[in-house]
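Shown next, in structure tokens, is the structure this report addresses.
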Amino acid sequence: MRREHLEAIAPVCPTCRDAEHTFPLRLAAVWAEDGEHVVEGVLHCSNPRCLREYPILDGVPVLVANLRAHVQGNPGAFFPPAPMHPNLESLLGDCAGPDSPFERQRRAVAQYARDHWGALDERQPGQPCPALGVFEVGQRLAPSAPSGSAPGLRVELGCGPGRVSFALAASHPGLTLGVDLDLSFLRVAARALRTGRVRYPRRRVGLVYDVVEHDLPADLVAAASRLDFWMADAMALPFGPATFEEIVSLHLLDCVSSPWTHAASLDTLLGPGGVAILGCPYDWATSATPIEAWLGGHSQRGPEGGAAELALRALFDPADPRCAAPGLAVVASADVRWRVSLHDRAELHYTSDLLALQKRGTRA
């Protein structure tokens, strides 16, 4: 965690905040540092009635309201094994089996890290990052962010292993933040940030993996000085109103418990004239989003026939009773193809409904 980002963003306690009161987090202890990065430490809520503690692990502040539930639900992410020889990891992975928590976590990191960073792999040259392609289309669709006396703050929500956050940081001179709820993804991103090298498992097939490591190109190394990665829940973000001038949210909307709440938070977090890039393939899963909260995808007997696209746009239409974000206007949209690699011989292909949004109001 960079102190510069902590001071500029001024996160608030996600546990005790309410509509009327927010309490800033304070850096209470630092136990390990690496240059500009606090690698291990703890943040405290400044509310004397709360005093909740938030750990900093491997350079990533963990800013979630129910920390105990996250640690108990995913101990492998919070207590990772010490680095070991790939053959030893392979042996233990075979013993754990394909349905073990260890393998599910390793497989998820392998899939998304490969898609984010595989273009740097000499064994698959020229393979572009699919999420980066979606982001670049969104940047072309979106109007320019406000131009004030100083560069504003930008954030990617659901940043995964971090490739798009690096690109967002490289696109402007201000500070950028990547946010995700998966600590395993964030460890890949934060390590690349501190070391200039990205390291991740690449799945060949089944339980067979290779450890892949690349140097970051010079432009991303330069962008790293303006970037940081934090762990937080998109449903309870630790930020105050009008904190950001640009928000990127790609393929997160169908992974949260309430898309309505997510849209509303974009409205709240953007300052006047700010822009957001929102992409969603509507690949709903009841493990993440209850069917009642889906945008379309059900009730095809209704007047919209279950169309997800219409339901999404209704969230930004002040005349629609479903509106969640009356302060945001849809200024452009596009369908963009993207993929997720499962292993060397399998991919999933999606088409993302990509919206460029702008905050109504006078620019700063």
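Each reported figure results from applying straightforward, stated rules to the coordinates on display, with no laboratory input. The model shown is predicted, which means the values in this text are computed figures rather than measured ones. Positions of Cβ are generated from backbone atoms using ideal geometry, with glycine treated the same way; all protein chains shown enter the neighbour counts.
Which residues among the range 17-34 fall inside the zone where the amide N is under 20 Å from a point 7 Å beyond the Cα of Arg3, along Cα→Cβ? So the set is 24-34. Arranged from fewest to most other beta-carbon atoms within 10 Å of their beta carbon, Ser100, Ser287, Ser184, Ser144 become Ser287, Ser144, Ser100, Ser184.
Structural descriptor for the range 184-336: relative contact order 15 percent, calculated from alpha carbon pairs under 8 angstrom and at least 6 residues apart. Spatially, the range 192-231 and the range 55-108 are offset by 17 Å when compared through their Cα centroids.
For the range 173-269, the pair-distance distribution built from all alpha carbon pairs, in bins 5 Å wide starting at 0, is 2, 11, 18, 19, 17, 15, 11, 6, 2, 0 percent.
Residues Thr176, Thr195, Thr22, arranged from fewest to most other Cβ atoms within 10 angstrom of their Cβ, appear as Thr195, Thr22, Thr176.
If you model the range 252-316 as an ellipsoid using its alpha carbon gyration tensor, with each semi-axis the square root of five times an eigenvalue, the axes come out at 22, 14, 9 Å, biggest first.
Using only alpha carbons, the range 235-364 has a radius of gyration to Kirkwood radius ratio (Rg to Rh) of 0.99.
Test of understanding: ordering Val42, Val211, Val198 by Cβ neighbours within 10 Å, fewest first, what list do you get?
Values: Val42 18, Val211 12, Val198 25.
Going from least to most buried by this count: Val211, Val42, Val198.
Three principal axis extents of the chain based on alpha-carbon atoms, in descending order, are 60, 51, 39 Å. If you wrap the Cα atoms of the range 32-123 in a convex hull and average its projected area over all directions, you get 8.9 nm². Annotation: cysteines of the chain without a disulfide-compatible partner (Cβ-Cβ under 4.7 angstrom) are Cys95, Cys129, Cys159, Cys255, Cys280, Cys323.
Kindly state, as a whole number, the per residue volume in cubic angstrom of the convex hull around the alpha carbon atoms of the range 140-212. Before the final figure, lay out the partial values.
Numbers: hull volume 9.0 nm³, N = 73.
So the per-residue Cα hull volume is 124 Å³.
Using alpha carbons only, the radius of gyration of the range 1-77 set against its Kirkwood radius gives Rg/Rh = 0.98.
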